[in-house]
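Working notes for the structure below.
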Amino acid sequence: SDVCSSDLVKLRSLLHRCYTHHFDSVDPGLPSLTSTMTRGPLPLPLSERYIIPDIYESRQITQTQTAPLSAPPPGSAALQASTPQPATAQEPSRMITVTADVRRTALEWLIEGDLSVIIGDPVIGKSSLLRYVLLDLLSKKPRHEDLAIKWGNRLPVWIPFAMWTRMVGESESNCSLADMLNTWLSKVSASADLHTLVQQALEDSRLLLFVDGLDEWSNEVAARSSVALLEHFVGEHDIPAIATSRPLGFERLGGLSGKWRRAKLAGLTVDQQREFSSIWFLHRER
């Protein structure tokens with residue numbers, strides 16, 4: 001049966017709590033400042049310590065290029081010196097198109113499309129970005145209105161790509177997206193109600209997929225099969241998805257179709273580093 005609106009709010013809250021507990025266990029922040037000992041500082045939630053990063057987006061930019069003047073023929077220097085030259089000689093110019101990396105806010109870039117891949121080096125924060133966006137969408141009071149407007153009516157679900165490829169490699173019959181989601185929810189001890197909620201969202205195409213670690217696989221054949229399953233699912237059900245990957249693993253896998261936008265995750269600027277440090281120093285003082 002369909003879930004009524006009040007029950008849906010409660011279930012989304014339970015799902016938020018379930019994800020929060022799991023993410024805090026795998027991403028506690030600075031270990032020395034998130035001790036679970038009685039006298040140690042309390043853990044700092046991801047939503048309170050996260051710094052919104054930037055991405056580099058490749059763009060085609062049209063520029064005016066001025067062509068250099070032709071070199072004078074040998075032996076003509078004396079002739080040029082004796083010949084009056086125009087006071088304002090105009091060099092010929094032409095329009096050229098070049099590819100340039102434009103730095104911009106990651107969240108701003110994400111809401112402009114429905115299928116996106118964040119490429120980044122190890123430990124630069126790809127998974128943390130997905131966790132932050134997912135939790136904000138499930139929050140009762142989202143911090144980012146643009147995200148809520150775009151995807152607030154969808155149910156965000158976490159897909160560890162490594163687990164999916166492992167399931168595909170072990171069984172060809174029990175490795176659909178629904179199977180993977182049920183397995184993962186069981187792993188994080190989700191209630192039966194949450195299983196039901198995700199299954200209903202799966203059936204009526206209300207999901208928003210967060211696919212973490214497209215490069216995290218040990219079986220290339222299984223990884224390619226998982227990518228094919230992902231491509232088929234999002235295409236068949238018109239479901240948005242955000243994925244992450246390291247560059248080399250993404251290239252080895254062959255990437256995704258041209259429907260997916262790609263951007264490179266940037267490191268923190270000096271100002272962002274200061275903000276990050278301030279958050280943790282204040283937390284330590286408290």
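The values are calculated or read from the model by the stated rules, or taken from the named source; none is laboratory data. Remember, it's a predicted structure, so these values are computed and weren't measured experimentally. Glycine gets a Cβ as well: all are built from the backbone with ideal geometry, and neighbour counts include every protein chain shown. Calculation scope for accessible area: heavy atoms of the full protein, side chains included, ligands and nucleic acids excluded. Shrake-Rupley method; radii C 1.70, N 1.55, O 1.52, S 1.80 Å.
Remarks
- Checklist (1) in a loop (DSSP other than H, G, I, E, B); (2) within 18 Å of Leu8 (Cβ to Cβ) applied to Asn174, failing item: (2)
- Whichever residue in the stretch 87-138 is open to solvent by less than 30 Å² (accessible area, probe 1.4 Å) and of a type in the set (D, E, K, R) and, among such residues, is farthest from Gln60 (Cα to Cα): Asp136
- For beta carbons closer than 8 Å, sequence separation of 6+ or different chains, a first residue in the stretch 126-140 that is part of a helix (DSSP H, G or I) and a second that is open to solvent by 10 Å² or more (accessible area, probe 1.4 Å) and among the acidic types (Asp, Glu), the qualifying pairs are Lys126/Asp212; Ser127/Asp27; Ser127/Asp212; Ser128/Asp27; Leu130/Asp212; Arg131/Asp27.
- Restricting attention to the stretch 200-238 and to residues that are in contact with a helix residue (DSSP H, G or I) (Cβ under 7 Å, 6 or more places away or on another chain) and farther than 14 Å from Phe161 by Cβ, the residue that is surrounded by the most Cβ atoms within 10 Å (Cβ to Cβ) turns out to be Leu207.
- Criterion violated by Ile242 - all others in (1) open to solvent by 20 Å² or more (accessible area, probe 1.4 Å); (2) of a type outside the set (Lys, Arg); (3) touching a Ser or Thr at 6+ places or on another chain (Cβ under 7 Å) satisfied: (1)
- Restricting the first member to the stretch 261-286 and to residues that are closer than 27 Å to Leu42 by Cα and free of Cβ contacts under 8 Å to residues at least 40 places away in the same chain, and the second to residues that are assigned to a loop (DSSP other than H, G, I, E, B) and not small (Gly, Ala, Ser), the beta-carbon pairs closer than 9 Å and six or more apart or on different chains are Gln273/Ile51.
- Sole residue being in a helix (DSSP H, G or I), modelled with pLDDT of 80 or more, hydroxyl-bearing (Ser, Thr, Tyr) and in contact with a strand residue (DSSP E or B) (Cβ under 9 Å, 6 or more places away or on another chain), chosen from Tyr56, Tyr19: Tyr19
- Test: residue in the stretch 227-244 that is among the hydroxyl-bearing types (Ser, Thr, Tyr) and out of contact with any strand residue (DSSP E or B) (no Cβ under 6 Å at 6 or more places or on another chain): no
- Single residue of Leu185, Leu256 found to be surrounded by 14 or more Cβ atoms within 10 Å (Cβ to Cβ), within 30 Å of Glu57 (Cα to Cα) and touching a helix residue (DSSP H, G or I) at 6+ places or on another chain (Cβ under 7 Å): Leu256
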